[in-house]
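For reference, the structure is listed below as structure tokens.
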Amino acid sequence: MTTRTPLVDVHAHFVTPRYLQEAQESGHHEPDGMPAWPTWDAARHLDLMDECGIATSLLSVSSPGTHFGDDRAARALTRHVNETGAGLKRDHPDRFGHFASLPLPDVDAALDELAHAMDVLGSDGVTIETNAHGVYLGDPRLEPLLAELDRRRTPVFVHPTSPPNQEAVSLGRPRPMLEFVFDSTRTVADLVHQRRLQQYPDIPWIFTHGAGALPLLTQRMELFRSVFAAPSADTERLDPIPEQVGRLWFDMAGTPFPYQVPALAAAFGTDRLLYGSDYCFTPAPGVAAQVASLDAAVQPGQDTWRSLTTRNAHRLFPRLAGRTG
């Protein structure tokens, strides 16, 4: 560990041999248009954490999630990755946490897995994709799940994935380059316009990549809500969209400096900003360079990006407060 404030990484991934096999057998040979699947093991991940001054990594399964088209197979695969993630947390309680996967769009199975993850496995929260086979997060079909997440106050890490009909919009490029950012923005817009953020205010949502396009687009979304939409009593009761979006949590995975985090800070402040590496889908040298950019950036006042994001993580995950300095 470095002598600097240790980081809490809320955006860290793991894969298992079974997961890779089932994903590839389902046609995901180049995940979201990337050239190949990454490899992962706990020892290499811990070495990278020590190198970069990361105290704890909250592990999750990345896009494309655990549902490849068959409900029964998705339930079994989801349980497998969640038991594996929980085992890693048990083996390394000071270093790893775990966001449990949910087999959406199968809502009944997702509710069962949520209860198992939180009540039996002791997961730190859950992870879902920005859309599940085209079902975005504001969709009425997901309301039973949102109601239960709200009741439990379960942190929800929302990972971007490819949009429906991605072949028509990605221009042949890997979807993480552009489409992930836009799909995060799209699903937040759906939550806002379906009124889910106000309907279920106790869900701590975590979105990725420095809020993506949201710092630029929330004012435009508000313009369409307040100026172009037909006035109604229901609309009048809604908080302005920038205020609703500003109550979300965001990580800084990707390219946080010199532009992305300052844009987020200008739009929404920094009291819900978290650190994220995106390892192992971002290779170790990329993570090291990203952490170096965080340490070399202009720091926030008398604070540091390390201490600020770690304090925020401790507020969201109090169990980590005594473990990460």
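Since every read-out is calculated from the coordinates, none of them should be taken as a lab result. All of these numbers come straight from a predicted model, not from anything done at the bench. Every residue, glycine among them, receives a Cβ derived from its backbone with ideal geometry; neighbour counts consider all protein chains shown.
Within the set of other residues whose C-beta is less than 15 Å from the C-beta of SER101, count the net charge using Lys and Arg as +1 and Asp and Glu as -1. Numbers along the way, then the final one.
Details: positive: ARG18, ARG75, ARG79, LYS89; negative: GLU22, ASP71, GLU83, ASP106, ASP112, GLU113, ASP124, GLU129.
Spelling it out: positives minus negatives among the neighbours equals -4.
Can you run phi through the Karplus equation (6.51, -1.76, 1.60; θ = phi - 60°) for the range 68-80 and list ³J(HN,Hα) in whole Hz, with x for Gly and Pro? Rounded to whole hertz, the list is 10, x, 10, 4, 5, 5, 5, 4, 5, 5, 4, 4, 4.
Quick check on the range 177-224: take the gyration tensor over C-alpha atoms, sort the square-rooted eigenvalues as a ≥ b ≥ c, and tell me if it's rounded (a/c under 1.5), prolate or oblate. Mind showing how you got there, number by number?
Numbers: a/c = 2.06, a/b = 1.28, b/c = 1.60.
Since a/c reaches 1.5 but b/c is at least a/b, the shape of the range 177-224 is classed as oblate.
Rounded to the nearest 20 debye, the dipole magnitude of the chain is 680 debye, with +1 charges on Lys and Arg beta carbons, -1 on Asp and Glu beta carbons, and the Cα centre as origin. Protection proxy ranking of 63-70, 103-110, by the mean of other Cβ atoms within 10 Å over each peptide's residues and highest first, is 103-110, 63-70.
Name the shape class, rounded, prolate or oblate, that the alpha-carbon gyration tensor gives for the chain, where a ≥ b ≥ c are the square roots of its eigenvalues, rounded holds for a/c under 1.5, and otherwise prolate holds if a/b is larger than b/c and oblate otherwise. Verdict is rounded for the chain.
Taking Cβ atoms as reference points and 13 Å as the exclusive limit, the residues near ARG173 contribute a net charge of -3, counting Lys and Arg as +1 and Asp and Glu as -1. Here the 3J(HN,Hα) profile of the range 307-315, calculated from phi with Karplus coefficients 6.51, -1.76 and 1.60 at θ = phi - 60°, is 5, 4, 5, 5, 4, 4, 5, 5, 5 Hz, Gly and Pro shown as x. In terms of packing, defined here as the mean over residues of other Cβ atoms within 10 angstrom, the peptides 194-207, 45-58 line up highest first as 45-58, 194-207.
So what is the relative contact order for the range 1-156, in percent, with contacts set as C-alpha pairs under 8 Å and at least six apart?
21 percent
Taking amide hydrogens as placed 1.01 Å from N in the peptide plane, the amide H of LEU274 sits under 5 Å from those of PHE250, ASP251, MET252, each at least 5 positions away in sequence or on another chain. Once phi is turned into θ = phi - 60°, what whole-Hz ³J(HN,Hα) does the Karplus curve with 6.51, -1.76 and 1.60 give for every residue of the range 173-186, x standing for Gly and Pro? Calculated HN-Hα couplings, in order: 8, x, 4, x, 5, 10, 5, 4, 4, 6, 6, 4, 4, 4 Hz.
In this structure, the amide hydrogen of ILE54, modeled 1.01 Å from its nitrogen in the peptide plane, lies closer than 5 angstrom to those of LEU7, counting only residues at least 5 positions away or on a different chain.
Selection among THR304, GLN244, ILE54 by position relative to the dipole of the chain gives THR304 as farthest towards the positive end (Cβ unit charges, Cα centre). Counting neighbouring beta carbons within 10 Å and listing from fewest to most, the residues TYR259, TYR136 come out as TYR259, TYR136. Shape of the range 1-132 from its Cα gyration tensor (a ≥ b ≥ c, root eigenvalues): rounded if a/c is under 1.5, otherwise prolate when a/b > b/c, or oblate? In terms of gyration-tensor shape, oblate. In the chain, helical runs assigned H by DSSP with n ≥ 4 each contribute -39500 (n - 2.57); averaged across all residues and rounded to the nearest 500, the mean residue ellipticity at 222 nm is -12500 deg cm²/dmol.
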